[in-house]
Amino acid sequence: MPYVNIKITREGVTAERKARLIAGVTELLREVLDKNPATTVVVIDEVDTDNWGIGGETVTVRRARGF
């Protein structure tokens, strides 16, 4: 039973896009590793940009600077 955990920043990703991501990852595991889609688990965690750090600073700060 594959378990895939995807972490993204919480910035308005629609339910439809998340559903496509879940379906796509499930299909990829079926196609590449011959895993059963019925037992494949995909979890999407959305993280606030204040709680995600890169290079010693939050994503919120980096984006405010244009990164």
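If I ask for residues that are among the hydroxyl-bearing types (Ser, Thr, Tyr) and not in a helix (DSSP H, G or I), which ones from segment 7-51 would you list?
Correct list: 9, 14, 40.
Filter segment 1-26 for residues that are at pLDDT 95 or above and surrounded by fewer than 13 Cβ atoms within 10 Å (Cβ to Cβ) and give the result.
The answer is 3, 5, 7, 14, 15, 16, 17, 19, 20, 23, 24.
Are any residues in segment 52-67 at negative phi and either surrounded by fewer than 10 Cβ atoms within 10 Å (Cβ to Cβ) or outside any helix (DSSP H, G or I) (or both), and if so, which ones?
So the first thing to find is which residues in segment 52-67 are at negative phi, and the list is 52-54, 57-65, 67.
Selection gives 52, 53, 54, 57, 58, 65, 67.
Between a residue in segment 56-67 that is under 15 Å from residue 11 (Cβ atoms) and any residue that is in a helix (DSSP H, G or I) and at pLDDT below 95, which pairs come within a Cβ distance under 9 Å, given they are 6 or more apart or on different chains?
none
The values are calculated or read from the model by the stated rules, or taken from the named source; none is laboratory data. Note that the structure is predicted; figures quoted are calculated from it, not measured. With ideal geometry, Cβ positions are generated from the backbone for all residues, glycine too; neighbour counts draw on all protein chains shown.
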